[in-house]
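Please read the structure below before turning to the comments.
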Number of protein chains: 2
Amino acid sequence: MRETSVQPTFHDAVIELVHGAGGKASRRLIEGLFLPLLANPALIPLEDSAIMSIEGLRLALTTDAFVVKPLRFPGGSIGELAVHGTVNDLAVSGARPLGLLAAFIVEAGLPSEVLRAEVEALAQAARRAGVSIVGGDTKVVEHGKADGLYIVTAGVGLVDPRAELGVHRVRPGDQILISGPIGDHGITVLLARGELDLEADLVSDTRALTPFVEALLEAASPGLHWMRDPTRGGVATALNELARDARVAITLAEEAIPVRDAVRGACELLGLDPLYIANEGQLLAVVDPAWVDAALAALQRVPGGEQAACIGEVQEQPAGVVIVSTPYGGQRVIDMLVGDPLPRIC
Amino acid sequence: MRETSVQPTFHDAVIELVHGAGGKASRRLIEGLFLPLLANPALIPLEDSAIMSIEGLRLALTTDAFVVKPLRFPGGSIGELAVHGTVNDLAVSGARPLGLLAAFIVEAGLPSEVLRAEVEALAQAARRAGVSIVGGDTKVVEHGKADGLYIVTAGVGLVDPRAELGVHRVRPGDQILISGPIGDHGITVLLARGELDLEADLVSDTRALTPFVEALLEAASPGLHWMRDPTRGGVATALNELARDARVAITLAEEAIPVRDAVRGACELLGLDPLYIANEGQLLAVVDPAWVDAALAALQRVPGGEQAACIGEVQEQPAGVVIVSTPYGGQRVIDMLVGDPLPRIC
């Protein structure tokens, strides 16, 4: 779907935190350095999972590295995040997880109880999500060569035969749904660092999206065109990638986007936009207008989906752009994340 | 195959480098902390890959974290190692790789050229091994929170229908084959650190074992009972795990084990035993005696396998023990690796 004639290049001399933020710099790194070398058509669509056809089965494969700081935060921890992140990348590809792999990079000197707590969190999250940890690896590096614990998970899933998803299915008139309030995870982790004089009654939204995806497939699969979990870079970045890759415009109605007061308040104080804040338990879906009522009702019936909402629409022009309409009749363009306000959020 | 009545426990207060060395402490960590929490029968055999049956297909899944220091060494680099390590874990399970996933944890401040060189090494190794990188992830952590670059790969493979492997197939009388000289990788990396006043004309053996496995399956699959790539902890650790899990004794003939002079010399100077040194391109195979000639000839026909040798035998007693016979008629017990002479070798 991408124009090969405008291949980005990567000329930055040094890798910086911003290259891991999920925004513009990340995309330049991936498209300018990784993709030309790996040269694999399976990577080109840059979806959350790769889909492979093996003897008639559609397998989804995905991996994610977790370097969140601190390791524990209200509502979750790195162990849970490592399961949910990978299960969710499979889920938004329409795949039910078959098995997870987990690799641990541990800094020497980490108290064993910290490791035990995270293995336990990972095991419990996997059980709740109905998936087994089928393999793993552990490496230990010297004190000062990591930050306590990093976890990398990989997942294999079987794509639901009802799922036909991809940017190629997105067309003008399609509606944009979100499963619930945005920004909870990023703001929770930011506040948990204790570097800001801010407190809020807020917990991470980390959870498996599988129930949302199953509800959508059950209620509206013929009209379900695309899904994504807006993690690093938030809803703004996920929709910018969609607008670019599908060559469409996306218009959002600001007043329709669910945001908790605590998130809105923290964002105002910190000069952040909730649209760029990471989520770990929200689903974006693009749905044919004929199926939008059924899809929205299905999301709202899932526990945790009560605030699911239709937040915008796909339009033909201006292609590649995301625009937010404010309640006062104004409009602003929402670009991809440029800086990195929140490093190591997942 | 393990006695659940002698479940090891893990009481160490702190994680140390030795817990990542692949020896006794690693096994205690895995069996005492990870397995009881993850409680998954697929993990119990502790093989290099998990095998899952999906709609009649046998899929092999595996993951490995790579934290080798230095990133580049004679004969290879972390990028190559990350492909070969995972391809080899699939190969020794009798599986042909279908796709690899690669996650990068990058320390801020890493020169982009270093990253580019490793992505290139990874891409080339994957191409040579006939497997695609189908997905990935990149995270950046602050300067001082990693050591340049860590890579975690995961792989999915399809188990060859001719492969029936596992400790349950190993029986007294079976012969132990090795594909070539041992210890090259570990000693090469150790010397590449430049901390010792030692030089040797030696390169890592890092390579894909797929050609060896295909040769064995083609020539001797009915007699092929078990395979393993003896990486961390070396041949001694791999065979100790086999002896324990299969409840057999293993006797090795010291003079039959191929070791290059440079490796032997460095080991003598450093007080190390080549049997404990990591390999990244050697295959251990346990073969029925009726098939051993065919299997050995097949290994020797593969380029790089010219020095393949039969190095020992499976016996009934003393169960769980690995014994080496010296050319002078002596015998010594080779236990699992206890300390960690060579941290971060892979």
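This table checks each residue for (1) at pLDDT 95 or above; (2) under 18 Å from B:Leu283 (Cα atoms); (3) within 14 Å of chain A (Cβ to nearest Cβ).
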site: B:Asp147; (1), (2), (3): yes, no, yes
site: B:Tyr150; (1), (2), (3): yes, no, yes
site: B:Leu202; (1), (2), (3): yes, no, no
site: B:Arg207; (1), (2), (3): yes, yes, no
site: B:Val213; (1), (2), (3): yes, yes, no
site: B:Glu218; (1), (2), (3): yes, yes, no
site: B:Arg228; (1), (2), (3): yes, yes, no
site: B:Leu239; (1), (2), (3): yes, yes, no
site: B:Ala253; (1), (2), (3): yes, yes, no
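Considering each of B:Pro327, B:Pro303, B:Pro318 in turn, give the residue that is closer than 30 Å to B:Ala129 by Cα, in contact (Cβ under 8 Å) with a residue 24 or more places away in the chain and part of a loop (DSSP other than H, G, I, E, B).
Just one listed residue meets the conditions, B:Pro303.
Can you say whether A:Val263 is in contact (Cβ under 8 Å) with a residue 12 or more places away in the chain, touching a Gly at 6+ places or on another chain (Cβ under 6 Å) and part of a loop (DSSP other than H, G, I, E, B), as far as the supplied structure shows?
Values: in contact (Cβ under 8 Å) with a residue 12 or more places away in the chain: yes; touching a Gly at 6+ places or on another chain (Cβ under 6 Å): yes; part of a loop (DSSP other than H, G, I, E, B): no.
Considered against the rule, which asks whether it is in contact (Cβ under 8 Å) with a residue 12 or more places away in the chain, touching a Gly at 6+ places or on another chain (Cβ under 6 Å) and part of a loop (DSSP other than H, G, I, E, B), A:Val263 comes out as no.
Tally the residues that are within 28 Å of B:Leu190 (Cβ to Cβ) and in a strand (DSSP E or B), restricting the search to the range B:330-346.
Count: 2.
Given the criteria crowded, with 24+ Cβ neighbours inside 10 Å, in contact with a Lys or Arg (Cβ under 6 Å, 6 or more places away or on another chain) and within 9 Å of another protein chain (Cβ to nearest Cβ), does A:Val67 qualify?
Considered against the rule, which asks whether it is crowded, with 24+ Cβ neighbours inside 10 Å, in contact with a Lys or Arg (Cβ under 6 Å, 6 or more places away or on another chain) and within 9 Å of another protein chain (Cβ to nearest Cβ), A:Val67 comes out as yes.
Is it the case that B:Asp229 is charged (D, E, K, R), closer than 20 Å to B:Thr86 by Cβ, touching a His at 6+ places or on another chain (Cβ under 7 Å) and surrounded by 23 or more Cβ atoms within 10 Å (Cβ to Cβ)?
Considered against the rule, which asks whether it is charged (D, E, K, R), closer than 20 Å to B:Thr86 by Cβ, touching a His at 6+ places or on another chain (Cβ under 7 Å) and surrounded by 23 or more Cβ atoms within 10 Å (Cβ to Cβ), B:Asp229 comes out as no.
Is one or more of the residues making up the range B:55-63 facing another protein chain (nearest Cβ under 7 Å), of a type in the set (Asp, Glu), in a strand (DSSP E or B) and within 18 Å of A:Gly155 (Cβ to Cβ)?
Within the range B:55-63 (the criterion being facing another protein chain (nearest Cβ under 7 Å), of a type in the set (Asp, Glu), in a strand (DSSP E or B) and within 18 Å of A:Gly155 (Cβ to Cβ)), the answer is no, since none of the residues qualifies.
Surrounded by fewer than 24 Cβ atoms within 10 Å (Cβ to Cβ), outside the structural domain of B:Ile187 (by TED's automatic domain parsing) and either in contact with a His (Cβ under 8 Å, 6 or more places away or on another chain) or closer than 22 Å to B:Ile178 by Cα (or both): does that describe B:Gly75? Full working, then the answer.
On the way: surrounded by fewer than 24 Cβ atoms within 10 Å (Cβ to Cβ): yes; outside the structural domain of B:Ile187 (by TED's automatic domain parsing): yes; either in contact with a His (Cβ under 8 Å, 6 or more places away or on another chain) or closer than 22 Å to B:Ile178 by Cα (or both): yes.
So B:Gly75 fits the description; yes.
Among the residues of the range A:85-97, is there at least one that is more than 7 Å from chain B (Cβ to nearest Cβ), in a loop (DSSP other than H, G, I, E, B) and farther than 24 Å from A:Gly186 by Cβ?
Step one: of the range A:85-97, the residues more than 7 Å from chain B (Cβ to nearest Cβ) are A:85-97.
Now narrow it down to the ones that are in a loop (DSSP other than H, G, I, E, B): A:92-94.
Filter again for farther than 24 Å from A:Gly186 by Cβ, leaving A:94.
Yes: the range A:85-97 contains one or more residues that are more than 7 Å from chain B (Cβ to nearest Cβ), in a loop (DSSP other than H, G, I, E, B) and farther than 24 Å from A:Gly186 by Cβ.
Would you call B:Leu158 under 30 Å from B:Asp245 (Cβ atoms), surrounded by fewer than 21 Cβ atoms within 10 Å (Cβ to Cβ), facing chain A (nearest Cβ under 8 Å) and not basic (Lys, Arg)? If you could, list the steps in order and put the result at the bottom.
Working: under 30 Å from B:Asp245 (Cβ atoms): yes; surrounded by fewer than 21 Cβ atoms within 10 Å (Cβ to Cβ): yes; facing chain A (nearest Cβ under 8 Å): yes; not basic (Lys, Arg): yes.
So B:Leu158 fits the description; yes.
Which one is surrounded by the most Cβ atoms within 10 Å (Cβ to Cβ) among residues in the range A:112-140 that are facing another protein chain (nearest Cβ under 7 Å) and more than 21 Å from B:Arg28 (Cβ to Cβ)?
Out of the qualifying residues, it is A:Val134.
The values are calculated or read from the model by the stated rules, or taken from the named source; none is laboratory data. For clarity, every value in this text was computed on a predicted model and none was experimentally measured. With ideal geometry, Cβ positions are generated from the backbone for all residues, glycine too; neighbour counts draw on all protein chains shown.
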